[in-house]
């Protein structure tokens, strides 16, 4: 059985491992990825200062090392194919099963005026920039400012704050991209506003993320309005929200003389409009104040007529994700997902199952959960892929190998190439006292491979 997986992130690797474990011994997996690099969200989404989370790639690498596994990076799914490109028809012709595990790559917008002004970004792109995603290499946010704003009440918002609040030497020991570390040297931010539309009891931050704020001992944390008392929790308060509130109160009780930075958590506010200067760069954010009505399961939000304006020369929104359409694949624009049945079989927009095509991960169920959540999802879809029957004759082994060679000749990055690149990144990182020094652009990858292969040939 031949299986193609499109998307080399956690879900793709969980799915491959599940198929190897439960499938027949002749099952093979070919994985296709648009960037030159495997591991997706772990490489491009996990915060640089969270190296322990990235250890999950050791398991992915074991799957990758299987002789039944092949990798083709720098390969894009398009309508028409061509050099370095593949189509959905190509995959359905060459493989018995095709699984889409590309994740939700785009951000949700606030829908406010001037949201796309200079130095206003989605957290998706900002995180991609400091994590070395090739698509975000040229983002070049200006950090030589005084006031920054982060919108959101999830872990990504705190990740962004930590990067902005970190001295260069703190991030220099991580695998943050070279270009973001250079920018961090120029950072002159004095104040960060974290805007949250609900109250302090309602945030979606996890406890470890909130506890990390305690490590910033030279940063003054302020909370507006004043934090509610710990001894009067709402009915929906749980262990997580209670522990978060305890940390918030500890931070609020600190008084830092001559703080390096001030961070204001502004609860019960929603951005209304960005204001820009004559060059089109964001300079202020106007917010609406919200009133909360405490319910049994969550607070209810009511927007008031009261507004405030805060200075902001860097504006980053972290308010959710949505999928990006894939060439030749049905896509539900409203949901931002690939339509499928309950088992992960892709359907057209009328609900008809498309034989041999499956979806797993965020593009199946929406952007929720942590990395490990995708393991259960992938296992479920893997079981269906193995159970389903498909009246389809794949191409011959010779035709498949010829197609693979066409991809490699067009610039695809192979599993062997990644082995060389991985060794280069970790070796370079060790010399700098960090886990790895990331390559980012395709040009950097090609130059490194050429040198590595030339050295290997003369050895």
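Overview of results
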item: Sequence ranges 278-285, 305-312, ranked by mean other-Cβ count within 10 angstrom, highest first; result: 278-285, 305-312
item: Potential lengthening between residue 109 and residue 300 on full extension [0.36 nm per residue; Cα-Cα distance subtracted]; result: 66.6 nm
item: On Cα atoms only, tilt of 10-22 relative to the major axis of the chain in degrees; result: 40
item: In nm, spacing of pseudo-spin labels at residue 275 and residue 348 (7 Å Cα→C-beta vector); result: 5.3
item: 222 nm mean residue ellipticity, helices alone, for the chain (DSSP H n ≥ 4; -39,500 (n - 2.57); rounded to 500); result: -9500 deg cm²/dmol
item: Bridge type composition, the chain - antiparallel percent by DSSP, nearest 5; result: 35
item: Acute angle (nearest 10 degrees) that the helix 373-387 long axis makes with the longest principal axis of the chain, alpha-carbon atoms; result: 30
item: Relative contact order, percent, the chain [alpha-carbon distance under 8 Å, six or more residues apart]; result: 21
item: Inter-centroid distance (Cα atoms) of segment 307-367 relative to segment 16-56, Å; result: 20
item: Angle between the chain longest axis and helix 415-431 axis [Cα atoms, degrees, rounded to 10]; result: 40
item: Over segment 102-230: Rg over Rh, Cα atoms, Kirkwood Rh; result: 0.95
item: q = 0.20, 0.21, 0.25, 0.32 Å⁻¹: log10 I(q)/I(0) that the Debye formula gives for segment 158-201, counting C-alpha atoms only; result: -0.67, -0.71, -0.90, -1.29
item: Kirkwood-based Rg to Rh ratio, segment 308-445, C-alpha trace; result: 1.07
item: Ordering of 42-50, 59-67, 131-139 by packing [mean C-beta count within 10 Å, highest first]; result: 42-50, 131-139, 59-67
item: Beta bridges per DSSP with both ends in segment 108-320, % antiparallel, nearest 5; result: 40
item: Gain upon complete extension [residue 186, residue 55; 0.36 nm per residue less C-alpha separation]; result: 44.1 nm
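Values quoted throughout were computed directly from the atomic coordinates according to the rules given, and no laboratory measurement underlies them. Please read these numbers as outputs of a predicted model, since none were measured by experiment. Using ideal geometry, Cβ is built from the backbone for each residue, glycine included, and neighbour counts are taken over all protein chains shown.
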